[in-house]
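Asks: First the structure, then my questions, so here it is.
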Amino acid sequence: MAFRERYYEKYDTFRIENSGQQCMVVSRPVRKGDNYWEVTVRLVDHTYDTVLDVSACQPGDKTRWISAHMPELHEEGYTKWQSNVEKHRGYIQTHRFDASYSAQYAAMEDVFVKISQGKDQGSMTETIYKMDTVQKNLLETFLTGRNQALLFSKGNVDPATGKPTIVDPDSNRPIYISDGLIPQVEAYASKYAYNRLTISVLKTAIMALNEKAKKPTGNHYVFIVNEKFWYDLGDILDTYLAQYHTDGTYMWSKAANDYVSVGAKGFDTYNWQGNSVSFKVDRTFSREFGYDKGYALALDLTADKTSAQPPIAMFTLKGGDMITNKYLGVGRENGLSSGEVASPVAGSKLIMWGYSSLAVFNPYRSYILREI
């Protein structure tokens, strides 16, 4: 037999998928070219009368390794790689956000503004206002920008050259943008378009995730959904429980607060066929994919049992996930302080920046549901 790679070794047995026949390799493979290996085999059967089904051994047909069988006083053995390894190249990106403010603003920032109003026969009632702090707004902007980049950003790096397609027009410096979670998953995930959300649609997604999981049970699947999907999910599960009179032995919440009290709080996490299935609603998905059509991203969050590697991880430089700097002018940070300054301007600047990247280690173990 001829193979494109040296996968089978002497004493290996393998199955021909289309016919079900099994063969044993009886000598070491012989290399005839870069992508051409000749392997001498014997059919495995109880008699010598079996004939090879040639129609199942055409170019492109599949075989599957079974085992290896040795004679007495055996002298050699081989290790068999049973899974493929792929490399997905990712890049660490840079975020930066600045907040500038005057010395006068800094001096007034923590001052309550009281507006007196006459009320109840001349008695004075105060209405109190307080301005948001610059630091609070800057932190919220940084966290929102970084999180949305890690979730939705589409990469701009040419895979052939490793260089980005966008540069700073003034300095010609490259600007790297890394693929976020959604683009990484969408490139490899199974997808299902549905007209109406039903229990069967959910089971189809869970069964597809099971097929790609290492084991059919003991997995943790998380459905991150928009608000439309979340409301539809509540409707179908309400109907399902009412129709079949199911109780906690069939579907129950793992939360300690009895989260499956129908009609009271909602549906959170279930055990289904030995797997834990959770639903998390995220308004960011509603803004991204719409409020009128359901959308759900299902991820297998089962950690690797051997290496304890998480299915999703964030990468950054050591100590570089969030860096805060201050560029102080006259009045310094609070607008009223003396001391050395870096600018003659009566104002200051806060800078928050950092490096981030996100990796989905196995994007194949995911599923996307989208309403049409």
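Read-outs: derived from the displayed coordinates by stated rules, not from any lab. These numbers were taken from a predicted model, which means no experiment stands behind them. Methodologically, a virtual Cβ is constructed for each residue, glycine included, from the backbone with ideal geometry; neighbour enumeration extends over all protein chains shown.
Asks: Mind giving me the FRET efficiency for Arg6 and Lys203? R0 is 41 Å, r the Cβ-Cβ distance, nearest 0.05 is fine.
Replies: Details: r = 42 Å, r/R0 = 1.01.
According to the calculation, E is roughly 0.50.
Asks: Counting other beta carbons within 10 Å of each Cβ, put Cys23, Cys57 in order, fewest first. Kindly include the intermediate steps, with their values, before the conclusion.
Replies: Numbers: Cys23 22, Cys57 16.
Ordered by Cβ neighbours within 10 Å, fewest first: Cys57, Cys23.
Asks: Here's another thing I want to ask about it. For Trp230, Trp65, Trp37, which order do you get if you count the other beta carbons within 10 Å of each Cβ and list the fewest first?
Replies: On the way: Trp230 21, Trp65 15, Trp37 18.
So the residues, fewest neighbours to most, are Trp65, Trp37, Trp230.
Asks: Cut-off is 10 Å between beta-carbons; in what order do Arg332, Arg96 appear when sorted fewest neighbours first?
Replies: Working: Arg332 18, Arg96 12.
Neighbour counts put them in this order, fewest first: Arg96, Arg332.
Asks: I would also like to ask the following. What do you get for Rg/Rh of segment 1-112 when both radii come from the Cα atoms and Rh is the Kirkwood radius? Let's see the in-between values first.
Replies: Numbers: Rg = 30.0 Å, Rh = 18.9 Å.
Across segment 1-112, the Cα-based Rg/Rh ratio is 1.59.
Asks: Would you please give the residues with an amide H less than 5 Å from that of Trp272, counting only those at least 5 places away or on a separate chain, with H modeled from the backbone geometry?
Replies: Those lying under 5 Å, H to H, from Trp272 are Val277.
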